[in-house]
Amino acid sequence: MTTWWLWILAALVCGIIEVMSVSFVFLMFAIGALAAGIAGAFGANEAIQVIVFVVVTVALLAGLRPFLKGRIERSAGDVRTNTGALLGKT
């Protein structure tokens, strides 16, 4: 029952991937893996750890990810850069 540290390692890897992709998918996987790692640290067997991972990840993908994506898309706005930002300026 010493697999909890593998879940924590998986959470770290998913967190690093999320930083590079910013899609909020791997963030949900990281949180699910972290929850499974915490369950494993408290003595849950591997089957319970997998169930915790799946339930937490699916719940976050269905509930939190659409909210976060909406916030990011709404706050982005129209930012002109490079030559587009220079149009109309003297």
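The values are calculated or read from the model by the stated rules, or taken from the named source; none is laboratory data. Because the structure is predicted, anything quoted here is derived from the model rather than measured. Cβ sites come from the backbone with ideal geometry, for glycine too, and all protein chains shown count toward neighbours. Heavy atoms of the whole protein, side chains included, go into the accessibility calculation; ligands, DNA and RNA do not. Shrake-Rupley method; radii C 1.70, N 1.55, O 1.52, S 1.80 Å.
Take 74, 65, 80 and sort them by solvent-accessible surface of the protein heavy atoms, 1.4 Å probe, largest at the top.
The ordering from most to least exposed comes out as 74, 80, 65.
Return the distance in nm (one decimal) between the two label points of a simple spin-label model at residue 59 and residue 8, each offset 7 Å from Cα along Cα→Cβ.
Between residue 59 and residue 8, the label points sit 2.2 nm apart.
Which part of the range 1-27 falls in the paramagnetic zone of residue 73, meaning amide N under 19 Å from the point 7 Å along Cα-to-beta-carbon?
Those under the cut-off are 21-27.
Give me the accessible area per residue for the chain, probe 1.4 Å, as a whole number in Å².
With the other protein chains kept in place, the chain gives 70 Å² per residue.
I need the phi-derived Karplus couplings for the range 48-57: 6.51 cos²θ - 1.76 cosθ + 1.60, θ = phi - 60°, integer Hz, Gly and Pro marked x.
5, 4, 5, 5, 4, 4, 5, 5, 5, 5
Pull up all non-local amide H partners of residue 24: gap of 5 or more, or a different chain, and H-to-H distance under 5 Å with H placed in the peptide plane.
Answer set, sorted by chain and number: none.
Share of Cα-Cα pairs in the chain beyond 16 Å, in percent?
Summing the P(r) tail past 16 Å for the chain gives 62 percent.
For the chain, what is the calculated [θ] at 222 nm in deg cm²/dmol (nearest 500), taking -39500 (n - 2.57) for each run of four or more DSSP H residues and dividing by its residue count?
-26500 deg cm²/dmol
Residue 48 label point, 7 Å along Cα→Cβ, cut-off 19 Å on backbone N: hits in the range 1-31?
Those under the cut-off are 1-8.
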